[in-house]
Amino acid sequence: MNVVLLGPPGSGKGTQAERLQRRTGLIHVSTGDLFRKHLGEGTELGVLARTFMDRGDLVPDEVTVEMVRHRLGEDDILRGVLLDGFPRTVAQADSLADLLEERGERIDAVVLLEVDEQVLVDRLAGRGRADDNPETVRARLEVYRDQTEPLVAYYDERGALRRVDGEGTVEDISGRIEAVLQAIDNPSPSKC
Ligand code: AP5
Ligand code: MG
């Protein structure tokens, strides 16, 4: 099963993916975490990514897709992935569909975490990652609206979108996501 966690900065994609990885055996793949790993190791990719991340802009699609292609080719991806922060543009979504098709796979569900904007801002203000200063958070939210939100309609049209209330306790939200994923894994028998 391959699942995309979609949602604005601070919506809890990373928090929920960590929990779901432990409970489902799906592998958590976060493009933000991969870029931060490169950054920490001082690779060429990390140096390039930083110039975009510091401004809250997206790293170019080709670079991001190549990194994901490489990650999905690693041996630990057996039962599927929980993609966190990818795709983030329609071009990335198209590339992901191609990438999975090459493997004879597809996206089984796109879980949209819905959270009020003021809650997002408060959550990120309380965390303190390098790109959590108010100016960059504003830019990240704007980039989400402009470039990533169109994916809501994109996946809705393809029948994959599942909306989940992303407010409340971490445990409550996990429960909602797990219920959504279980329904996909065990579809109720058709009535006819
Ligand atoms: P990325 O690392 O993906 O950041 P983001 O999408 O802005 O999201 P965050 O990681 O801030 O939020 P989250 O939804 O994971 O929430 P979290 O669980 O951490 O991307 C960073 C940058 O990398 C981008 O700006 C871009 O430059 C680049 N990049 C990444 N992917 C890319 C791509 N595909 N294409 C191009 N560029 C890309 O939670 C947030 C906080 O809230 C935490 O402190 C958490 O403890 C808290 N929290 C979580 N849940 C709850 C809850 N239920 N109640 C209270 N607090 C909660
Ligand atoms: Mg995250």
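Here's the picture: charge each Lys and Arg Cβ at +1 and each Asp and Glu Cβ at -1 in the chain, and of Leu181, Gly32, Val90 the one pushed furthest to the positive end of that dipole is Leu181.
Accessible area per residue for the range 1-82, computed on protein heavy atoms with a 1.4 Å probe, is 48 Å².
Quick one: dipole size for the range 67-162, taken about the Cα centre, charges +1 on Lys/Arg Cβ and -1 on Asp/Glu Cβ, in debye to the nearest 20.
Numbers: 14 positive and 22 negative charges, 34 e Å.
The dipole of the range 67-162 has a size of about 160 debye.
For the chain, leaving out every one of the trypsin sites (Lys or Arg not before Pro) that falls in a DSSP loop and has at most 10 other Cβ atoms within 10 Å, the longest unbroken run is 1-126.
Taking amide H as placed 1.01 Å from N in the peptide plane, the amide H of Arg163 sits under 5 Å from that of Leu112, each at least 5 places away or on another chain. Amide H contacts under 5 Å for Arg88: Ala93, restricted to partners 5 or more places along the chain or on a different chain, H placed in the peptide plane at 1.01 Å from N. The convex hull built on the alpha-carbon positions of the range 116-163 has an orientation-averaged projected area of 3.9 nm².
Given the C-alpha centroids of the range 115-134 and the range 5-31, what is the distance between them in whole angstrom? Using only Cα atoms to place each centre, the spacing works out to 17 Å.
Mean 1/r over all different Cα pairs, inverted: what Kirkwood radius does the range 49-99 give, in Å?
On the way: mean 1/r = 0.0841 Å⁻¹.
Its Kirkwood hydrodynamic radius stands at 11.9 Å.
A viscosity of 1.306 mPa s and a temperature of 10 °C, combined with the Kirkwood radius over C-alpha pairs in the Stokes-Einstein formula, give the range 1-148 a diffusion coefficient of 101 µm²/s. The phi-based Karplus calculation (6.51 cos²θ - 1.76 cosθ + 1.60; θ = phi - 60°) puts the 3J(HN,Hα) values of the range 83-99 at 7, 10, x, 8, x, 10, 9, 4, 4, 5, 5, 5, 5, 5, 4, 5, 4 Hz, whole numbers, x for Gly and Pro. 3J(HN,Hα) along the range 117-133: 4, 5, 5, 4, 4, 5, 4, 6, 5, x, 9, x, 5, 3, 9, 9, 6 Hz, from the Karplus curve 6.51 cos²θ - 1.76 cosθ + 1.60 with θ = phi - 60°, whole Hz, x for Gly and Pro.
Among the GluC sites (Glu not before Pro) in the range 53-100, those located in a DSSP loop and surrounded by at most 12 other Cβ atoms within 10 Å of their own Cβ are Glu74.
Think of it as helices only: each DSSP H run of n ≥ 4 in the chain is worth -39500 (n - 2.57), and spread over all residues that comes to -16000 deg cm²/dmol at 222 nm.
Within the range 52-192, what whole-number % of the accessible surface is contributed by carbon and sulfur, with the 1.4 Å probe and all protein chains included in the calculation?
Details: 3810 of 8000 Å².
That fraction is 48 percent.
Less than 5 angstrom separates the built amide H of Gly80 from those of Ile27, all sequence-distant by 5 or more or on a different chain.
The values are calculated or read from the model by the stated rules, or taken from the named source; none is laboratory data. What you are looking at is a predicted structure, and each value in this text was computed from that prediction instead of being measured. Quick reminder, even Gly has a Cβ in these numbers, built from the backbone with ideal geometry, and neighbours come from all protein chains shown. Accessible surface is based on the protein model in full, side chains and every heavy atom, while ligands, DNA and RNA are left aside. Shrake-Rupley method; radii C 1.70, N 1.55, O 1.52, S 1.80 Å.
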